[in-house]
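Chemist: Dumping the structure here so I can ask a few things about it.
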Amino acid sequence: MARSRPPAPPVPTPAERARTLAGRARHAAVIGEPEQSDGDLRAAPTLHHVPATGAATLQFPDDHALVLAARERGDALLPVMLELSDVAPVSVRRPVRGLLWVSGRLRVLPLRVARRAALRIAAEQPDERLLDVGHGETLLRLEPTMVVLSDAEGTEALAPTAVAAAAPDPVAATGDAWLAHLAAAHTNTLSALVPRLPIHLRRPGNRIAPLGVDRHGLRLRIESENDDHDVRLPFAAPLSCPGQLGEAVRALIGCSDEVPGVRPTSRRAAGA
């Protein structure tokens with residue numbers, strides 16, 4: 001008789017995860033096609049901004065090879081790939097939680113358009129480096145044609161329109177700051193989650209770290225002496241706002257009293 005497997009914990013859809021990753025990735029690299037650059041051109045932009053549509057705005061010095069190549073291409077546009085790395089907000093051995101590759105064509109924004117774009121980005125993502133646009137720095141726009149997501153749930157190719165249409169995760173903006181606070185100040189709360197782990201991961205010498213959170217659940221990294229394991233603990237119901245995080249963790253622990261320090265991350269704590 002075949003054994004029935006327990007149902008997999010619910011997770012956001014690939015398009016939703018791609019949208020979240022694009023919005024919070026702090027590390028970016030533009031990879032030019034070999035025929036454009038005498039071998040792969042891999043360059044980190046001064047600043048990157050990726051909206052839900054995937055039409056990334058990238059800032060580079062005026063004399064950067066990528067800017068010069070895009071100018072030379074003109075209306076033909078320059079084929080490139082943007083690689084976005086999602087890095088955990090806590091210290092773990094393998095900190096990259098996921099990768100997103102956005103393929104498309106790159107063009108230089110005219111100065112007037114670039115300055116308007118810089119103002120829009122600054123309203124959402126204040127950064128003094130945007131002041132250099134038009135003063136030694138150039139903005140480029142990536143027109144996306146395909147998106148590929150690779151994370152703990154698998155690898156998926158997506159149309160940019162599917163990512164743009166995906167619903168934003170309600171805890172994405174504050175989740176990483178909340179995880180960092182949980183790891184730094186509330187190890188007792190993490191210890192209380194150990195009974196929810198698979199039996200073989202409950203060894204005393206293992207280290208537990210909060211790796212990710214979304215509306216469906218909490219991801220934990222369990223580091224043993226020789227190996228790493230990621231475990232997803234599903235919430236009882238999907239969250240609709242960051243203010244429900246504390247209650248959701250208390251439910252996971254099975255504690256009706258207040259869990260010290262486990263509370264919604266404030267906008268100030270999240271750097272907003």
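Chemist: Considering all projection directions equally, how large on average is the shadow of the alpha-carbon convex hull of segment 14-165, in square nanometres?
Modeler: The Cα convex hull of segment 14-165, projected and averaged over all directions, gives 9.5 nm².
Chemist: Which angle between 0 and 90 degrees, to the nearest 10, do you get for helix 172-185 versus the longest principal axis of the chain when only C-alpha atoms count?
Modeler: Tilt of helix 172-185: around 50 degrees.
Chemist: Relative contact order, percent, of segment 172-253 when contacts are C-alpha pairs under 8 Å separated by at least 6 residues?
Modeler: On the way: 105 pairs, mean separation 20.1, N = 82.
Averaging sequence separation for qualifying contacts and normalising by length gives 25 percent for segment 172-253.
Chemist: For the pair GLU124 and ALA8, how long in nm is the line joining their label points, each one 7 Å along Cα→Cβ?
Modeler: The modelled label-to-label distance comes out at 3.0 nm.
Chemist: Same structure, new question: Can you give me the relative contact order of the chain as a percent, contacts being Cα pairs under 8 Å and 6 or more apart?
Modeler: Answer for the chain is 18 percent.
Chemist: If you don't mind, there's one more thing I want to ask. Taking the Cβ-Cβ separation of ARG115 and ARG93 as r and a Förster radius of 51 Å, what is the calculated FRET efficiency to the nearest 0.05?
Modeler: 0.75
Chemist: Sticking with this structure for a sec: Can you tally the net charge around LEU84? Count Lys and Arg as +1, Asp and Glu as -1, for every other residue whose Cβ sits under 13 Å from the Cβ of LEU84.
Modeler: Summing Lys and Arg as +1 and Asp and Glu as -1 gives +2.
Chemist: Another one. Within segment 44-100, report the trypsin sites (Lys or Arg not before Pro) that DSSP leaves as loop and that have at most 14 other Cβ atoms within 10 Å.
Modeler: Working: sites: ARG71, ARG73, ARG93, ARG97; in loops: ARG93.
Hits after loop and neighbour filter: ARG93.
Chemist: Hey, another quick one. In sequence order, what are the phi-derived ³J(HN,Hα) couplings for segment 134-148 according to the Karplus relation 6.51 cos²θ - 1.76 cosθ + 1.60 with θ = phi - 60°, rounded to whole Hz, with x for glycine and proline?
Modeler: Result, rounded to whole Hz: x, 10, x, 10, 10, 9, 10, 10, 9, 8, x, 10, 7, 10, 10.
Chemist: Evaluate the Debye formula for the chain with equal point scatterers sitting on the alpha carbons, no solvent, and hand back log10 of I(q)/I(0) at q = 0.07, 0.09, 0.10, 0.14 Å⁻¹, in q order, two decimals.
Modeler: -0.30, -0.49, -0.59, -1.01
Chemist: Could you state the angle between the C-alpha long axis of helix 111-124 and the longest principal axis of the C-alpha atoms of the chain, as a value from 0 to 90 degrees rounded to the nearest 10?
Modeler: 10
Chemist: Among rounded, prolate and oblate, which fits segment 89-163 when a ≥ b ≥ c are the square roots of the eigenvalues of its C-alpha gyration tensor, a/c under 1.5 means rounded, and a/b larger than b/c means prolate?
Modeler: On the way: a/c = 2.85, a/b = 1.55, b/c = 1.84.
It comes out oblate by the Cα gyration axes.
Chemist: How large is the helix-only mean residue ellipticity at 222 nm for the chain, computed as the sum of -39500 (n - 2.57) over DSSP H runs with n ≥ 4, divided by its residue count, in deg cm²/dmol to the nearest 500?
Modeler: So the helix-based figure for the chain works out to -7500 deg cm²/dmol.
Chemist: Taking the dipole about the Cα centre of the chain, with the C-beta of Lys and Arg at +1 and of Asp and Glu at -1, give me whichever of VAL67, ALA56, LEU179 is farthest to the positive side.
Modeler: Result: LEU179, furthest along the dipole toward the positive end.
Chemist: At a Förster radius of 41 Å, what calculated FRET efficiency corresponds to the Cβ-Cβ distance of ASP62 and ASP227, to the nearest 0.05? Display every interim value, and only then the final one.
Modeler: Working: r = 48 Å, r/R0 = 1.16.
My answer for the efficiency is 0.30.
Chemist: Please report, in debye to the nearest 20, how large the charge dipole of segment 14-165 is about its Cα centre when each Lys and Arg carries +1 at its beta carbon and each Asp and Glu carries -1 there.
Modeler: Values: 18 positive and 20 negative charges, 89 e Å.
Result for segment 14-165 is approximately 420 debye, rounded to the nearest 20.
Chemist: Taking only the C-alpha atoms, wrap a convex hull around segment 172-253 and report its volume per residue in Å³ as a whole number. Working shown, then result.
Modeler: On the way: hull volume 7.2 nm³, N = 82.
It comes to 87 Å³ per residue, whole-number rounded.
Chemist: Give me the distance in nm between label points sitting 7 Å out from Cα along the Cα-to-Cβ direction at HIS200 and ALA184, one decimal.
Modeler: Once both label points are built, they end up 3.6 nm from each other.
Chemist: Provide, for q = 0.24 Å⁻¹, the log10 of I(q)/I(0) from a solvent-free Debye sum over equal Cα point scatterers in segment 64-120.
Modeler: So the normalised log intensities are -0.95.
No value in this document is a laboratory result; all are computed from the given coordinates. This is a predicted model, so every value here is computed, not measured. Cβ: placed from backbone, ideal geometry, glycine included. Neighbour counts: every protein chain shown.
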